[in-house]
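Just so it is clear, none of the values below were taken in a lab; they were calculated from the coordinates. Small disclaimer: the values here were computed from a predicted structure and weren't measured. Backbone-built Cβ (ideal geometry, glycine too); neighbour counts: all protein chains shown.
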Amino acid sequence: MLSHILYTFRLYVAGETPSSALAIANLSALCRARLPDRHKIEIIDVFRQPKRAMADGIIMTPTLFKLGPAPIRKIVGTLSQTLLVTQALGLEADAA
Amino acid sequence: MIPDKLPLSVDATDEVSTLIETLLKTSQRVEELTGGEVDTVLDSNGRAFLLPSAQDQLRSNEAARLTAILNALPANIALLDFQGGIVLVNEAWRQHADANALTVPGYGVGLNYLDFCDRACGGGSSDAQHVAKGIRSVLNSKEESFSMEYPSHSPTEQRWFLLTVTPVARNSPNGAVIMHLNITERKLASSLVVESRQRLALATESAHIGIWDWDVAANKMIWDRQMYELYGLREQDFTGAYDAWQQGLHPEDRSRAEAEIAAALAGDKDFHSEFRVMWPNGEVRDIEAHGLVQRACDGMATRMIGVNWDITGRKRGESALRESNEKFRQLADNLTDAFWIRSPDMRELYYMSPAFARIWGRSVESMYANPQQWADFILPEDRERVAGAFTALSKDASNLDIEYRIVRPDGALRWIRSRGFQVRDAANTLIRQTGIMTDITAQRQAADALRESEERYRDLFENASDLIQTVAANGALLYVNQAWRAALGYKEDDMPSLKFLDLISPDQHAQTELWFRQALAGAPVSLVESQFVSKTHKQILVEGSVSPKVVNGEVVSLRCIFRDVTEKKGLEAQFLRAQRLEGIGALASGVAHDLNNMLAPILMSAPMLRWGLKPEQFEATLNTIESCAQRGAEMVKQLLTFGRGVEGQRVLLQPDRLIREIIKIVEGTFPKSVRVRSSREGASWPVLGDPTQLHQVLLNLCVNARDAMPKGGTLTYKAENVTLDQQYAAMATEAKAGPYVIIRVADTGTGIPKGVLDRMFEPFFTTKELGIGTGLGLSTVLGIVRSHGGFIKVDTEMGRGTEFAVYLPAAPERSLQGDKGDPSPVPEGNGETVLVVDDEAVITEACRSSLEKHGYRVLIAHDGVEALTIYATRAAEIGAIISDLEMPFLDGVGLVRAVKRMQPEARILIATAIDSSDARNDKVAQLREIGANSFLTKPFNSNTLLLALHHQFHP
């Protein structure tokens, strides 16, 4: 029943830096695996859009911003530790 | 990060060092805190600060990417600094150097590229000098770029390169990229294109192939020289527009060719077409055309390129061949005979016409599929013979002509006539076999039927008992049958020397020649009697018929069919002799009877004379005696004539008078129990006849009537006039149309039984006791009546009586000349209106008085015009016209013509003194021509007038 809930993400990166590229890859993989067809990812390059980073209170890249469903969460890093990331995003129950 | 134009002072050095220390420590600390997961940190304004590790990684990534791109490019690339020193070279450069054994340490990196060029210039390479100059101008920002093509041939192959020099940064001297691109292939290809283009032009020109190129969007057609020749146009006359091409097409092919172009443009199919073009001078050529369509990426046709060439010669050949083939096919298809073509050895079938299917009942396709199978359909008995004939055809030069039978799928047998011919070429080599198969079943059947029929007839003739012979016009015997040979004893060998007359008894020759000639003239002769003489001189009596056989209007032979009647004739003669004896006996008694009838009154009268009579009785008795004796004498005379068969005399007779005479005799001689009556309707017409013979007829009928009334009864005579019409004549064979007098003799006797009725007119037939009748009475009566052109009708009813009606042809027109002063009453009119026309009042008044006295109404006219006026107004009322011939104003002829025109049936009596039988008289001839045949000869008396008029109303 929960499987129809749409997950909305905003990922802040810095150009083509290695951690940012890794974060994009990890998030995409995670979404494909756990949230197929019910996720939306917006990627924001802080070099290009510094105003938006400031508005969302981002101080580091890469930072993942989960906008929905509630609660809103921010996760900093390359998102390589999948288990921790899924816990932090509240995807465990959903997967079960 | 550091401002460009910051004046760096010594005082600031320490502070800068401290800040760098801080920066490094800060960076290290942030990286420690974030575990290497973060590459930037942002300040409160969103400005990002790239952490050192991330900076390093980015830089090395960038370099690696650049190197990879450079190495991936096929061109030899070197990066020069602003002085021309080689900073780096790519993989292609290195490979090129290796391949060309250019032993420069480090592939020239660190050396100055310009030095290379300058050194090469010393070797005389103007290209190198040019290159060096180009590079310098780019490095000095004098030129935006520089490029040149140059050959660089190795010992083994030709090579060309394209050198490009591109500045690294546009505005400041910051080095340049040198690239050598191998363009050998492109170079070669372009020279090949030129070459092939030349070859193509040569080919198209020599093959008269025109090439066209049509820019569809711009509607511009480019033609090569050949195209102009093909269309008979000069270059300056062709606008290059599509319409100009289309105008050159033959009008009949134009719309089709355009449709094909349109279809090609639409992409439905490629353009392959044949059409005719019409030159401005009217010459027509056949063109074959092909075209390819080029399309833009949206699929719209942009361009069409194609070729045209002249196929006029081929076309004409094709159409001639096609026509020839078509003619052959039509001929073969319409032949009722099957036509075939085979290989010289007969194994292969090249062609079989459709008639095969009709004749053999098997499809032509099956024949093609199995060319040898036809032999299986031949009737087994004929198969070997056919196979032999066909083998001979395939081996020898002889032609084939054979007839055989086949079995159709439905089991029907067909007769086939097969003819075969060999076809040889000019060198007399057998190239194929051809043949025709004809269905001759019907002919065969007809021939069979004819043979059968001939056999049947020959059989019939041969076995006939009659003597049958065919005699040629010259008398030669063409055919004689078995019975003939048997009767005449001649053998087949004797025939050629025999003539027909040789067979005839010499005393018959004259007679034979007579009928032989008649038959030769074309008239069949029947009832020929003749006498043959056999080989053994035996006399043979024959009778038969001879009929001429006519071919093309000429008698070629005579068919004679005779029967041997030698025996029959003998028997007949004996029979006749016996009959004659019998007949004489019978005749004697019959004559005796008739004579007794005559003698009886005489015998009865004689005693009366003896007793003495009153003078008037005496006279009457003498008259009776005289009359009877006279009749008796006449009867004897008539008997003699009857025996001889001589025709009696013909005089005009009044039937009434005949009856009166008979009544006189009958009343005097018949028993009183027989009452005699006579009734008449006016005067009977006269007849032409023999009074004695007619007397005999009536007397005979009276005697028979008397005999039919042994207990007495009434005998009635009656004469009446009758006109038999065509309808009656058609129904009674003996009767002819025309006027007749019927004399009826009726009795109230026993009637005639049926069996007797049928036979009573036969000679020698009698119902009377032997010795009383001759049996010749009624047959004589009939003979006499027939000889007068009349006939007899009998009406009989058993127990009630019989009436014989004797019909004798009458001659009413002779009545006027006949019995002058005959006191017979004049016929009365019945109120009919008669128009009398005469210019003499005496005559009209005389006519009026006598006609009115006798029951007619009379109108008078004194000339033709007046008569016509009266007739025109009262035609319906006027029953007849009596007109004078000679009158003023309008004479009789004119009057008759006018009246006949108004009423063709009008009754007109012409009164004239002219002899009406004189056909040479003009007026008589004219009158007869217009149908006026009734004449009244002037002068006429009242009776004549009334009779003639009565005859008009009662013809």
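3J(HN,Hα) along region A:74-91: 10, 10, 9, x, 7, 6, 6, 8, 4, 4, 4, 5, 4, 5, 5, 8, x, 8 Hz, from the Karplus curve 6.51 cos²θ - 1.76 cosθ + 1.60 with θ = phi - 60°, whole Hz, x for Gly and Pro. Counts of other chain beta carbons within 10 angstrom of each beta carbon in peptide A:50-60 average 5. Using a cutoff of 8 angstrom between alpha carbon atoms and counting only pairs six or more residues apart, the relative contact order for region B:188-330 works out to 22 percent.
Using the Karplus relation 6.51 cos²θ - 1.76 cosθ + 1.60 with θ = phi - 60°, the per-residue 3J(HN,Hα) values for region B:504-517 come to 9, 4, x, 6, 9, 4, 4, 5, 4, 4, 4, 6, 5, 5 Hz, with x marking Gly and Pro.
The angle between the Cα long axis of helix B:566-611 and the longest principal axis of the Cα atoms of chain B comes to about 40 degrees, rounded to the nearest 10.
Per residue, the average separation of C-alpha pairs within less than 8 Å and at least 6 apart gives region B:361-512 a relative contact order of 11 percent. A cut-off of 5 Å between modelled amide H atoms, ignoring neighbours fewer than 5 places along the same chain, links A:His39 with A:Tyr7. Take the Cα of B:Ser191, step 7 Å toward its Cβ, do the same at B:Leu321, and the gap between the two points is 4.6 nm.
Straight-line reach from B:Lys853: taking Cα to Cα under 13 Å and skipping same-chain neighbours fewer than 8 places apart, the aspartates and glutamates in range are B:Glu828, B:Glu832, B:Glu845.
As an exercise, use a Förster radius of 25 Å and the Cβ-Cβ distance of B:Leu595 and B:Arg677 to find the FRET efficiency, rounded to the nearest 0.05. Taking R0 as 25 Å, the efficiency between B:Leu595 and B:Arg677 is 0.35. Across chain B, Cα-Cα pairs farther apart than 57 Å form 65% of the total. Distance between the modelled labels on B:Val556 and B:Lys133, one decimal in nanometres: 12.4 nm (7 Å Cα→Cβ projection).
When each of the peptides B:227-235, A:67-75 is scored by how many other beta carbons lie within 10 Å of its residues on average, the order from highest to lowest is B:227-235, A:67-75. Taking every Cα-Cα distance in region B:837-955 and sorting them into 5 Å bins from zero, the calculated P(r) comes out as 2, 12, 24, 26, 23, 11, 2, 0 percent.
Listed by chain and number, the lysines whose C-alpha is less than 20 Å from the C-alpha of B:Lys672, apart from same-chain residues fewer than 8 away, are B:Lys664, B:Lys711. Amide H contacts of B:Lys549 (H built 1.01 Å from N, in plane; Pro and chain starts excluded): B:Val556, B:Ser557, B:Leu558, B:Arg559 sit under 5 Å, all sequence-distant by 5 or more or on other chains. For B:Val674, the amide hydrogen comes within under 5 Å of the amide hydrogens of B:Gly713, counting only partners 5 or more places away or on other chains and with H modelled in the peptide plane.
Taking 0.36 nm per residue of separation and subtracting the Cα-Cα distance, full extension of the segment from B:Ala442 to B:Asp494 would add 14.6 nm.
Find out how many positive minus negative residues lie around B:Arg322, taking Lys and Arg as positive, Asp and Glu as negative, among other residues whose Cβ is under 13 Å from that of B:Arg322. For residues surrounding B:Arg322, the net value is +2.
3J(HN,Hα) along region B:251-263: x, 6, 9, 4, 5, 5, 5, 5, 4, 5, 4, 4, 5 Hz, from the Karplus curve 6.51 cos²θ - 1.76 cosθ + 1.60 with θ = phi - 60°, whole Hz, x for Gly and Pro. Against chain B, whose longest principal axis is taken from its Cα atoms, helix B:52-72 shows a tilt of about 60°.
Only lysines eight or more places from B:Lys327 in sequence, or on another chain, were considered; those with a Cα closer than 22 Å are B:Lys315. Each peptide in B:800-810, B:356-366 gets a packing score, the mean of other Cβ atoms within 10 Å over its residues, and the list from highest to lowest is B:800-810, B:356-366. Segment B:Leu88..B:Arg786, full-extension length gain: 235.1 nm, with 0.36 nm per residue of separation and the alpha-carbon distance subtracted. Between B:Glu283 and B:Asp502, residue separation times 0.36 nm minus the direct Cα-Cα distance comes to 69.8 nm.
Summing Lys and Arg as +1 and Asp and Glu as -1 over all other residues whose Cβ lies under 13 Å from the Cβ of B:Glu258 gives a net charge of -2. Calculate how steeply helix B:942-953 sits against the longest principal axis of the alpha-carbon atoms of chain B, using the helix alpha-carbon long axis, and give the answer as 0 to 90 degrees to the nearest 10. Approximately 30 degrees, to the nearest 10. Using the structure shown, list the pairs from B:Lys754/B:Lys793; B:Lys535/B:Lys568; B:Lys549/B:Lys569; A:Lys40/A:Lys74; B:Lys499/B:Lys568 with a Cα-Cα distance above 25 Å, or answer none. Table pairs above 25 Å Cα-Cα are B:Lys549/B:Lys569; B:Lys499/B:Lys568. For chain B, the relative contact order is 4 percent, taking Cα pairs closer than 8 Å that sit 6 or more residues apart in sequence and dividing their mean separation by the residue count.
Counting Cβ atoms of other protein chains within 10 Å of each Cβ in A:8-15 and taking the mean gives 3.
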